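The values are calculated or read from the model by the stated rules, or taken from the named source; none is laboratory data. Computed from a predicted structure; not experimentally measured. Cβ sites come from the backbone with ideal geometry, for glycine too, and all protein chains shown count toward neighbours.
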Amino acid sequence: MTGRPLPMLDLPAPMAGAPRASHAPPAAPDRLAEFVTDDVALPTFHVWTLGCQMNRSDSEEMAGALAGAGCAEAPNLESAELVVINSCAIREAAEQKVIGRMGHLGRLRQANPALRVVLTGCSVRVDNQADLRRRYPEVDLFLRPDEEPELTARLGLAGATAPGLLAGEGVARFERVGRSLAATADRLPGTRAAALAADSVRRESRTSAWLPIIYGCDKTCTYCIVPFSRGPERSRPFDDVVDEARRLAEAGYREVTLLGQNVNSYGHDLPADDRFRDVRGERRLGRRLELDGRPDIAALLRAIDGLRTADGVPAIQRLRFVTSHPWDLTDRLISAMADCPSVPEHLHLPVQSGDDAVLHRMGRQYTVDAYLELVERLRAAIPGICLTSDVIVGFCGETDAQFEHTLDLLRKVRFEQVFAAAFSPRPGTPAARLPDDVPRPEKKRRLQALLDLQEEIGRQANEAWVGRTTEVLVDQVRPPFGHEQASGAPRVAGRNRESKLVHFEGPPELVGQVIDVQIERAGPYALVGARLN
Ligand code: SAM
Ligand code: SF4
């Protein structure tokens with residue numbers, strides 16, 4: 001960096017109803033005025049994103065805000081003058097990935113003392129501020145997820161072109177989540193709207209777009225850190241979401257994924273509106289959502305599906321949504337999925353365990369039978385639907401027999417894919433107070449047993465595709481692997497409607513197109529075929 005180092009305006013975010021974070025210096029708005037000047041040499045930046053799709057979407061907003069402030073993107077972390085780490089705290093291993101890079105960042109800083117490091121994402125919470133500096137010694141600025149829109153302002157980069165909150169704007173609110181305090185996601189719907197108005201979201205793909213519809217999580221999963229890091233649920237206004245989808249269609253996006261920790265509870269916190277007088281909160285599982293007369297995700301799917309081209313086909317060809325909690329999977333939603341041609345035949349529906357006692361301890365508030373009944377309803381309404389899921393093994397008190405029940409469930413449902421992990425206690429969550437009594441080697445054994453079973457189920461499910469023709473939305477150029485290297489032919493990949501990964505020979509120009517592919521071979525995780533058009 002050629003100019004003076006980037007100032008680090010670690011101004012405390014204004015807090016309503018909460019004590020000020022102990023490490024934060026007192027508010028100094030005059031310092032802000034001092035640093036918002038033209039002579040700050042603009043750093044090149046790199047955003048390192050870990051974890052879920054919501055983080056990827058948030059990173060698009062932060063990268064856009066930095067670019068809007070005039071910063072150029074560095075080709076990699078090593079050459080960047082400003083590193084923004086968007087962290088994941090779902091498991092200790094995800095946090096260790098970042099902690100393990102502290103030494104590397106320290107060496108980079110020795111080579112370039114002007115280097116600045118920002119840590120944001122779920123590792124930064126209201127309740128762990130004191131711990132952060134110890135765990136992440138190379139980080140200059142910590143931002144909670146709800147503070148991300150303040151990024152440019154807190155770095156002193158908030159020039160006229162940088163959208164987002166100025167520090168001090170849009171007072172953060174805090175709510176009690178269990179025994180902890182979490183920042184609500186109140187400000188995020190508004191700052192998303194501002195970022196879109198400034199056209200500053202730097203999307204990672206030109207084919208598929210993330211579209212956040214609800215922030216935070218109100219659920220009660222005892223193992224999960226998300227309600228503490230992301231706070232209670234806040235939905236974006238219905239018309240804002242539909243408008244963003246319309247703009248994406250106009251910009252040529254083929255696929256949109258609606259995002260939220262639990263998209264199925266979208267709308268319950270929005271005001272009632274006569275347009276949605278037919279919506280009734282359905283009680284299926286868990287707590288009843290107050291949805292009466294409010295927009296729900298079913299209405300959202302229908303409205304976005306209703307955006308049509310002049311030929312009458314859906315302007316967004318593939319409308320996905322993730323993640324769905326079984327609580328709020330209503331009949332209205334299942335009907336909307338069945339009726340809307342743009343909604344593909346795939347649903348990710350995390351089950352977490354196949355044992356009622358474990359589900360109860362996890363706070364999931366459904367039983368295995370209730371989950372199986374949902375699966376039946378989905379399969380009856382949407383023939384050929386592919387289901388994928390998340391499972392945690394070795395949760396507190398899980399016996400061998402209870403783990404076997406999870407394997408039984410996998411055999412029964414035959415998910416196409418399962419994202420499985422060993423339970424990792426997260427400090428501050430209710431489960432952290434339960435004994436983590438499944439020994440690590442046993443967790444490992446269970447995880448491997450589950451992955452082996454699922455690999456076989458996945459292989460069999462994929463083999464049923466051999467000989468079929470399927471529509472692939474190409475979104476990546478693939479390096480050839482194994483014997484394909486010999487042919488040297490270019491390869492591409494993408495997903496079909498059922499979300500199966502399909503590889504085939506084809507030029508990079510196919511990226512962004514929907515191609516008919518005949519499936520020739522199948523492995524447990526992907527299909528290989530030949531293009532027909
Ligand atoms: N909201 C989604 C849901 O209801 O499943 C997913 C959120 S979470 C980011 C993604 C997955 O991480 C969860 O489905 C769960 O399987 C896993 N997970 C969360 N906390 C965990 C923990 N403490 N240990 C192991 N896996 C965990
Ligand atoms: Fe975590 Fe449960 Fe919320 Fe998913 S629904 S984010 S697992 S608390």
Q: Pick out the one residue from Val343, Val358 that is part of a loop (DSSP other than H, G, I, E, B) and either crowded, with 21+ Cβ neighbours inside 10 Å or in contact with a strand residue (DSSP E or B) (Cβ under 8 Å, 6 or more places away or on another chain) (or both).
A: Val343
Q. In region 335-374, what residues are polar (S, T, N, Q) and more than 16 Å from ligand 2 (Cβ to nearest atom)?
A. Ser335, Ser342, Thr367
Q: Please enumerate the residues belonging to region 203-219 that are within 14 Å of ligand 2 (Cβ to nearest atom) and either out of contact with any helix residue (DSSP H, G or I) (no Cβ under 8 Å at 6 or more places or on another chain) or of a type in the set (D, E, K, R) (or both).
A: Asp218, Lys219
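Results for (1) more than 22 Å from the chain's Cα centre (by Cα); (2) within 24 Å of Arg187 (Cβ to Cβ), shown as yes or no for each residue.
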position: Ala72; (1), (2): yes, no
position: Arg101; (1), (2): yes, no
position: Ala114; (1), (2): yes, no
position: Arg144; (1), (2): no, yes
position: Thr152; (1), (2): yes, yes
Q: Determine whether region 306-325 contains at least one residue that is crowded, with 23+ Cβ neighbours inside 10 Å, of a type outside the set (Lys, Arg) and closer than 16 Å to Arg377 by Cβ.
A: yes
Q: Could you list, in sequence order, all residues of region 274-306 that are not in a loop (DSSP other than H, G, I, E, B) and not basic (Lys, Arg)?
A: Asp274, Phe276, Ile297, Ala298, Ala299, Leu300, Leu301, Ala303, Ile304, Asp305
Q | Complete set of residues in region 364-394 that are outside any helix (DSSP H, G or I), away from ligand 1 (no atom under 11 Å from the Cβ) and surrounded by fewer than 17 Cβ atoms within 10 Å (Cβ to Cβ) | A | Thr367, Pro383, Gly384
Q.
Taking the conditions exactly as written (closer than 28 Å to Ala315 by Cβ and assigned to a loop (DSSP other than H, G, I, E, B)), does Glu509 satisfy them or not?
A. no
Q. Is it the case that some residue within region 291-298 is out of contact with any His (no Cβ under 6 Å at 6 or more places or on another chain) and surrounded by fewer than 19 Cβ atoms within 10 Å (Cβ to Cβ)?
A. yes
Q: With the condition kept exactly as written, say whether any residue in region 177-184 is of a type outside the set (Asp, Glu), in a strand (DSSP E or B) and within 11 Å of ligand 2 (Cβ to nearest atom).
A: yes
Q. Of all residues in region 227-273, how many are modelled with pLDDT of 95 or more, part of a helix (DSSP H, G or I) and not aromatic (Phe, Trp, Tyr)?
A. 13
Q) So which of Arg125, Arg134 ends up being within 22 Å of Ser180 (Cα to Cα) and without any contact (Cβ under 8 Å) to a residue 24 or more places away in the chain? A) Arg134
Q: Within region 125-150, work out how many residues are hydrophobic (A, V, I, L, M, F, W, C), crowded, with 16+ Cβ neighbours inside 10 Å and farther than 16 Å from Val47 by Cα.
A: 2
Q: Spot the failing condition for Arg426; the list is (1) over 26 Å from the mean Cα position of the chain (by Cα); (2) within 25 Å of Glu92 (Cβ to Cβ); (3) surrounded by 15 or more Cβ atoms within 10 Å (Cβ to Cβ), and only one is missed.
A: (1)
Q. Which ones in region 68-115 are within 16 Å of ligand 2 (Cβ to nearest atom), assigned to a loop (DSSP other than H, G, I, E, B) and either surrounded by 21 or more Cβ atoms within 10 Å (Cβ to Cβ) or hydrophobic (A, V, I, L, M, F, W, C) (or both)?
A. Cys88, Ala89, Ile90
Q: Just name the residue that is farthest from ligand 1 (Cβ to nearest atom) out of those in region 218-244 that are surrounded by 23 or more Cβ atoms within 10 Å (Cβ to Cβ) and among the aromatic types (Phe, Trp, Tyr).
A: Phe228
Q: Output the residues belonging to region 308-347 that are closer than 22 Å to Lys500 by Cβ, without any contact (Cβ under 8 Å) to a residue 60 or more places away in the chain and within 16 Å of ligand 1 (Cβ to nearest atom).
A: Leu347
Q) Could you list, in sequence order, the residues of region 348-362 that are within 12 Å of ligand 1 (Cβ to nearest atom) and in contact with a helix residue (DSSP H, G or I) (Cβ under 7 Å, 6 or more places away or on another chain)? A) Leu349, Val351, Gln352, Ser353
Q. Which members of region 355-380 meet the condition of being within 27 Å of the chain's Cα centre (by Cα) and among the small types (Gly, Ala, Ser)?
A. Gly363, Ala370
Q) In region 398-416, how many residues are closer than 16 Å to Pro350 by Cα and part of a loop (DSSP other than H, G, I, E, B)? A) 3
**Q.** region 203-217 - residue that is under 16 Å from the mean Cα position of the chain (by Cα) and either in a loop (DSSP other than H, G, I, E, B) or surrounded by fewer than 20 Cβ atoms within 10 Å (Cβ to Cβ) (or both) and, of those, nearest to ligand 1 (Cβ to nearest atom)
**A.** Cys217
Q: Filter region 258-274 for residues that are away from ligand 2 (no atom under 13 Å from the Cβ) and hydrophobic (A, V, I, L, M, F, W, C) and give the result.
A: Leu258, Leu270, Ala272
Q: Sort through Gly293, Gly260 and tell me the only one that's closer than 23 Å to Arg56 by Cβ, touching a helix residue (DSSP H, G or I) at 6+ places or on another chain (Cβ under 8 Å) and not basic (Lys, Arg).
A: Gly260
Q) Ala449 passes all but one of (1) modelled with pLDDT of 95 or more; (2) loosely packed, with under 15 Cβ neighbours inside 10 Å; which number fails? A) (2)
Q) Taking region 27-54, which residues are assigned to a helix (DSSP H, G or I) and either at pLDDT 50 or above or of a type in the set (Gly, Ala, Ser) (or both)? A) Ala33, Gln53, Met54
